[in-house]
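The values are calculated or read from the model by the stated rules, or taken from the named source; none is laboratory data. This is a predicted model, so every value here is computed, not measured. For neighbour counting, all protein chains shown are included, and Cβ atoms are generated from backbone atoms with ideal geometry for every residue, glycine included. Only protein heavy atoms, including side chains, enter the accessible area calculation; ligands, DNA and RNA are left aside. Shrake-Rupley method; radii C 1.70, N 1.55, O 1.52, S 1.80 Å.
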Amino acid sequence: MSKFTTFAAVAFAVLALPFSASAQDREFRLGLITPPVHVWNQEVAALSDTLSEMSDGRFTVVAFPSGQLGSETTMLQQLQTGALDMAWLTSAEITNRVPAMGALHAPFLVDNIGDAAKVLRSDVAREILGELPRATGTVGVCYAMTGMRQLLTQNPVASAAELDGLRFRITPAPPIRTFFEMFGAAPAPMPLTQVYDALANGQIDAIDMDHESIINFGYYDHATYMMETNHHLFGMVALVSGRVWAGLSPEDQMILRDAIQIHCDRTIDRFVEGEDAKLEQLRQVEGLSITENVGPEFFGDIVARWDAEWAEQTPYVQRMRDLVADF
């Protein structure tokens, strides 16, 4: 009896190990650069509720907004070491490690936010996520987005030639920098939280931004001319630390993947549904002059030149162009 009792106890302990690992309560730390009022942050808060429900209360998320944990580059490093569990980072940041993702930032890839959503939900875009574990030490669960990018300037701009020499705040990413340098702008990367003051004190002349952030931060206080260009879609990638992911059971990985996907989809849907209303809200801003329907022809041959340069870095440029040709 003693041998049987000992064997049973050991067997129970071994069988219980996976259960104990998967049943462990966990509060995942998630970093973002956007402020609490942003759609991304709202969906992260809702993600915590969804995860709790799907895990029977075992999993929740605590968000660190507004770059509290540092820049996106810093947060990506934290993900690699496992010091940070999750992050919602711009696809632009990932292009520093994964050139293929630069294809998502091809200028005038699409001309409306509905087609941008189709791109981010495409199999071609999802293929690129497969490069993240090796290149960044993270698992890219899914894409979401913010709105299409517009140009906001302190002075009126009648032609692309007048953009030459302007100090543009951009997201620090190689494909975006290429686009702006091609029309002679002086790119000035800086954190989102510093942009308003930089416009106010004349450190920069213009910005590359989406409707959501223009409204949330009130950038039109100091840059009163907007060109509705839709020149870039602007994606987000929901990341999980590879170290954290490896420590989860397959069942818990699936819970995480399913919950995050729900809120990536909701984020995309909210931006698609709200884009027209945000433009209308901007039309009502006193003192803001908007030039609408500014297309690729405004920039001359820049699209062709950008494609030629970036096609040397990744075949996904042509694959993305082929994809959208069928929309």
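Hey, if you put +1 on the Cβ of every Lys and Arg and -1 on every Asp and Glu Cβ in the chain, which of P296, L151, F234 ends up farthest toward the positive end of that dipole? Farthest towards the positive end: F234. Between the alpha-carbon centers of segment 194-251 and segment 71-118, tell me the distance in whole angstrom. Using only Cα atoms to place each centre, the spacing works out to 11 Å. Protection proxy ranking, highest mean first, for peptides 182-188, 261-267: 261-267, 182-188, where packing is the per-residue count of other beta-carbon atoms within 10 Å, averaged.
Residues considered: A45, A308, A125. Largest GNM mean-square fluctuation over the chain, using C-alpha springs under 10 Å, is found at A308. Phi angles of segment 233-240 translate, via the Karplus equation with coefficients 6.51, -1.76, 1.60 and θ = phi - 60°, into HN-Hα couplings of 7, 10, x, 10, 10, 7, 10, 10 Hz per residue; Gly and Pro are given as x. What a 1.4 Å probe finds exposed on the chain is 53% carbon and sulfur by accessible area, rounded to a whole percent. Here's how it looks for F28: its modeled amide H is under 5 Å from those of T60, V61, V62, which are all 5 or more places away or on a different chain. Taking the C-alpha atoms only, the angle from helix 72-81 to the longest principal axis of the chain is near 20 degrees.
Over segment 26-325, with the other protein chains present, what is the accessible area per residue in square angstrom, probe 1.4 angstrom? Display every interim value, and only then the final one.
Working: 11470 Å² over 300 residues.
Per residue, segment 26-325 has 38 Å² of solvent-accessible surface.
When a/c is below 1.5 the answer is rounded, else prolate if a/b is larger than b/c, else oblate, so apply that to segment 29-94 with a ≥ b ≥ c taken from the square roots of the Cα gyration tensor eigenvalues. Because a/c hits 1.5 or more and a/b fails to exceed b/c, segment 29-94 counts as oblate.
Our coupling estimate for segment 99-116, obtained by passing each phi through the Karplus curve with A = 6.51, B = -1.76, C = 1.60 and θ = phi - 60°, is x, 4, 5, x, 4, 5, 9, 4, x, 6, 4, 9, 10, 8, 6, x, 6, 4 Hz, Gly and Pro reported as x. Based on Cα contacts under 8 Å between residues 6+ apart, segment 26-325 shows a relative contact order of 27 percent.
Anisotropy class assigned to segment 163-294 is prolate, per the alpha carbon gyration tensor with a/c at or over the 1.5 cut-off and a/b larger than b/c.
Under the convention that each Lys and Arg Cβ holds +1 and each Asp and Glu Cβ holds -1, the size of the dipole of segment 26-325 around its Cα centre is about 780 debye.
For Rg and Dmax of the Cα atoms in Å, the value calculated from this model appears in (i) 31.4, 127; (ii) 22.2, 92; (iii) 30.5, 128 under label (ii).
Give the longest segment of the chain that steers clear of GluC sites (Glu not before Pro) in DSSP loops with at most 12 neighbouring Cβ atoms within 10 Å, not counting the sites themselves. The segment 1-285 is the longest one with no such site. Each Lys or Arg adds one and each Asp or Glu takes one away; over the other residues whose Cβ falls under 13 Å from the Cβ of G57, this sums to -3. Net charge near R266, counting Lys/Arg +1 and Asp/Glu -1 over other residues with Cβ under 14 Å of its Cβ? The answer is -4. Neighbours of L239 by Cβ distance under 15 Å: Lys/Arg scored +1, Asp/Glu scored -1, total +1.
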